[in-house]
Amino acid sequence: MAAPPGLPHTAGGQQRQHHVPGGRDLLRAGRVGRRFRAPGVVQLPGPLPPAPQHELWLDPSTTNPGTFAADSSFQVTAPWVAGRRSPVVKGLYGDPNIAYLNGRYYLYPTTDGYSGWSSTRFKAFSSTDLLNWTDHGTILDLGPQISWSDSRAWAPTIAYRNGRYYFYFCADTNIGVATSTSPTGPFTDALGRPLVAAGFRSGQMIDPHVFTDDDGEAYLYWGNGYAYGVRLNADMISFDAAQVRTFSLPNFREAPFAFKRNGIYYLSYSVDDTRSENYHVEYATATSPFGPWTHRGTILSKNLGLGVKGPGHHSVVKAPNSDTWHIAYHRFAIPAGDGMNREVTVDAMRFNADGTIQPVVPTL
């Protein structure tokens, strides 16, 4: 049986955690002395290979590493070398929005690699396992499809209501909204003008995110320099400008993202400049979608040992029927990227018993 790519293994040694972008912890197994079969491993007669040369990493959701043992009948078919799982999609992309829709995960990023972030096109990718992604091509192109803007297509987000998908996006530092009956488009401009126009409030009118609460109410968050939020009307394409809130968030720069878990509202956001290797993610919590917000600290930051610089402009998704969460974010492309040449990655996000978020461990 061929070994699945990307997962290292060992026979022998002490247990320790190892995270992979599929969202699972893998634990290194010790040897005790009983037969074992697992995906990617076959049992053949013969001596056990020397422990330092081979590793077996177990998924604790299916195997108890505390009781696992390999005896002399256990062998590995071939060396199994850890492969890079980041970036999750090939090419230069940033500002990823991740969502679970219709039994699949969908990823909507900014298309990178353009001077001044001047791309005009948005693409969509989908996956069932967060590892293998299908490229659905361009779903919205500002030039031919948006009459009021033809440049700087940034930081999209998606929402669903009543059989339609609402795609919120940046265009020339305005926020627009387009609709479709499919999460992969084609999307059509819903208003013929910005939903949030440049100059509407202080700061830049960019980086939208829509959060839908348990009661069905939808909220739009956005901002650079200042963080804003407002309840959307039922049509999802309008709001009462008099009801816009400005949030006080320590160190806030841009990219607010709201979600809810166990009755706690979370608002996470990016700090510093996207061109800086110190770009990172902090968060706050509240008991309502408008706060007041209590700052909780940093959950994602650079790891120079791995070459991870500038990780941020993230989004969060919950797996269906579980309390498994993932965070999608960009970082500088490795090895020579910068704030306009970024790659998208997905990692597990875990919570402490009190609801605070554990620091995310970047992986490659």
Take the range 207-240 and flag every residue that is crowded, with 22+ Cβ neighbours inside 10 Å, touching a strand residue (DSSP E or B) at 6+ places or on another chain (Cβ under 6 Å) and not in a strand (DSSP E or B).
ASP207, PRO208, MET236
Do you know which of the residues in the range 241-284 that are surrounded by fewer than 21 Cβ atoms within 10 Å (Cβ to Cβ) and among the acidic types (Asp, Glu) is farthest from ILE158 (Cα to Cα)?
GLU277
Residue among ASP207, ASP214, ASP235, ASP240 that alone is within 21 Å of the chain's Cα centre (by Cα), within 30 Å of GLY163 (Cα to Cα) and of a type outside the set (Phe, Trp, Tyr):
ASP207
Looking only at the range 287-307, filter to residues that are under 22 Å from the mean Cα position of the chain (by Cα) and among the hydrophobic types (A, V, I, L, M, F, W, C); which one of those is nearest to ARG350 (Cα to Cα)?
ILE299
Those residues of the range 241-251 which are farther than 15 Å from PHE290 by Cβ and either in contact with a Phe, Trp or Tyr (Cβ under 6 Å, 6 or more places away or on another chain) or not in a loop (DSSP other than H, G, I, E, B) (or both), in sequence order
ALA241
Taking the range 154-176 and keeping residues among the hydrophobic types (A, V, I, L, M, F, W, C) and more than 17 Å from SER315 (Cβ to Cβ) leaves ALA171
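Is at least one residue of the range 212-220 of a type outside the set (A, V, I, L, M) and either touching a Pro at 6+ places or on another chain (Cβ under 7 Å) or within 26 Å of GLY339 (Cβ to Cβ) (or both)?
yes
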Could you tell me how many of the residues in the range 297-335 are under 21 Å from GLU254 (Cβ atoms) and surrounded by fewer than 17 Cβ atoms within 10 Å (Cβ to Cβ)?
2
The residue that is surrounded by the fewest Cβ atoms within 10 Å (Cβ to Cβ), considering only those in the range 154-206 that are of a type in the set (S, T, N, Q), outside any strand (DSSP E or B) and without any contact (Cβ under 8 Å) to a residue 40 or more places away in the chain, is ASN162
The condition from (1) among the hydrophobic types (A, V, I, L, M, F, W, C); (2) in contact with a Leu (Cβ under 8 Å, 6 or more places away or on another chain); (3) in the same structural domain as VAL317 (by TED's automatic domain parsing) that VAL88 misses is numbered (3)
Based on this model, can you work out whether ASN352 counts as out of contact with any Pro (no Cβ under 8 Å at 6 or more places or on another chain), at positive phi and not aromatic (Phe, Trp, Tyr)?
no
Which one of the conditions (1) closer than 18 Å to ALA284 by Cβ; (2) not in a loop (DSSP other than H, G, I, E, B) does ARG331 fail to meet, given that it meets all the rest?
(1)
Tabulated pairs, the range 246-265, first within 12 Å of ASP214 (Cβ to Cβ), second among the small types (Gly, Ala, Ser), C-beta under 6 angstrom, 6+ apart or interchain:
TYR265/ALA286
Do we find a residue being assigned by TED's automatic domain parsing to the domain that holds ALA218, basic (Lys, Arg) and farther than 29 Å from ARG85 by Cα anywhere in the range 136-158?
no
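Taking the stated definitions as given, is THR110 modelled with pLDDT of 95 or more, within 16 Å of the chain's Cα centre (by Cα) and among the polar types (S, T, N, Q)?
Against the criterion (modelled with pLDDT of 95 or more, within 16 Å of the chain's Cα centre (by Cα) and among the polar types (S, T, N, Q)), THR110 qualifies.
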Subset of the range 102-153, residues farther than 16 Å from VAL344 by Cβ, basic (Lys, Arg) and in a strand (DSSP E or B), comes to ARG104
Per-region count, the range 334-364, residues assigned to a strand (DSSP E or B) and in contact (Cβ under 8 Å) with a residue 60 or more places away in the chain
11
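The values are calculated or read from the model by the stated rules, or taken from the named source; none is laboratory data. Given the structure is predicted, the values throughout are model-derived calculations rather than measurements. Heads up, the Cβs are rebuilt from the backbone with ideal geometry, glycines too, and the neighbour counts pull from every protein chain shown.
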